[in-house]
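Asks: My structure is below; once you've seen it, I'll send some questions.
The values are calculated or read from the model by the stated rules, or taken from the named source; none is laboratory data. What you see is a predicted model; the values in this text were computed from it and never measured. Neighbour counts are summed over all protein chains in view; Cβ atoms, including those assigned to glycine, are modelled from backbone coordinates with ideal geometry. The accessibility values were calculated without ligands, DNA or RNA, using every heavy atom of the protein model including side chains. Shrake-Rupley method; radii C 1.70, N 1.55, O 1.52, S 1.80 Å.
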Amino acid sequence: MAAHGKIDMAFLDLDMPVMGGFTCLKVIRAAPNAFISELPFVILTAYTGMSQLEKAAELGISGFLSKPVSIKTLPDAIHKALNKKMIDPAAVANPL
């Protein structure tokens, strides 16, 4: 989604050629421009391991969707990302 040329959020696949999703997210988070470094991301992956979710949460993500993406979970992930809600790494590492 974009308004006036501004990107509000982005989706990032963890399994990409050349540069993996975790590396890509680290590079983006280290950007000197706050608009880029603080961009909300929803991670997409075919792998659903807890360790991947923990690692992604530590890098600052707004959502984590497993492929194939369900039409039931997509709107909630977009809503959280657009409202700048981040996944709490502590909550992922220590679920109730």
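Asks: Pull up all non-local amide H partners of Asp13: gap of 5 or more, or a different chain, and H-to-H distance under 5 Å with H placed in the peptide plane.
Replies: Distant-sequence amide H within range of Asp13: Leu44.
Asks: Based on Cβ point charges of +1 for Lys and Arg and -1 for Asp and Glu, what charge dipole magnitude is obtained for the chain about its Cα centre, in debye rounded to the nearest 20?
Replies: Rounded to the nearest 20 debye, it is 120 debye.
Asks: How much length is gained on full extension from Thr73 to Lys26, taking 0.36 nm per residue of separation minus their Cα-Cα distance?
Replies: The span from Thr73 to Lys26 would gain 14.4 nm if fully extended.
Asks: Which sequence of Met19, Met50 reflects their accessible areas, 1.4 Å probe, from the largest down?
Replies: Of Met19, Met50, the descending order of accessible area is Met50, Met19.
Asks: Given a cut-off of 20 Å, name the pairs among Lys26/Lys72; Lys6/Lys67; Lys55/Lys85; Lys26/Lys67 whose C-alpha atoms lie farther apart than that in the structure shown.
Replies: Lys26/Lys72; Lys6/Lys67; Lys26/Lys67
Asks: Which entry in (1) 14.9; (2) 13.7; (3) 13.2 is this structure's computed Kirkwood radius over Cα pairs in Å?
Replies: Recomputing Kirkwood radius over Cα pairs in Å here picks out (2).
Asks: Separate question: Between Gly20, Leu59, Ile7, whose Cα lies farthest towards the positive end of the dipole of the chain when Lys and Arg beta carbons carry +1 and Asp and Glu beta carbons carry -1, centred on the Cα centre?
Replies: The residue sitting most towards the positive pole is Ile7.
Asks: I'd like to compare 51-61, 23-33: which one has the highest average count of other Cβ atoms within 10 Å, and what's the full order after that?
Replies: Values: 51-61: 17.7, 23-33: 13.2.
Top to bottom by mean Cβ count within 10 Å: 51-61, 23-33.
Asks: What value, in deg cm²/dmol to 500, does the helix sum -39500 (n - 2.57) over DSSP H runs of n ≥ 4 give at 222 nm once divided by the residues of the chain?
Replies: Value at 222 nm, helices only, nearest 500: -9500 deg cm²/dmol.
Asks: Could you order the peptides 81-90, 64-73 from most to least packed, using the average number of other C-beta atoms within 10 Å per residue?
Replies: Listed from highest to lowest mean packing, they are 81-90, 64-73.
Asks: Okay, next question. Whenever you get a sec, compute what percent of the accessible area on the chain sits on carbon and sulfur atoms (1.4 Å probe).
Replies: 62
Asks: Which percentage, to the nearest 5, of the DSSP beta bridges contained in the chain is antiparallel?
Replies: 20
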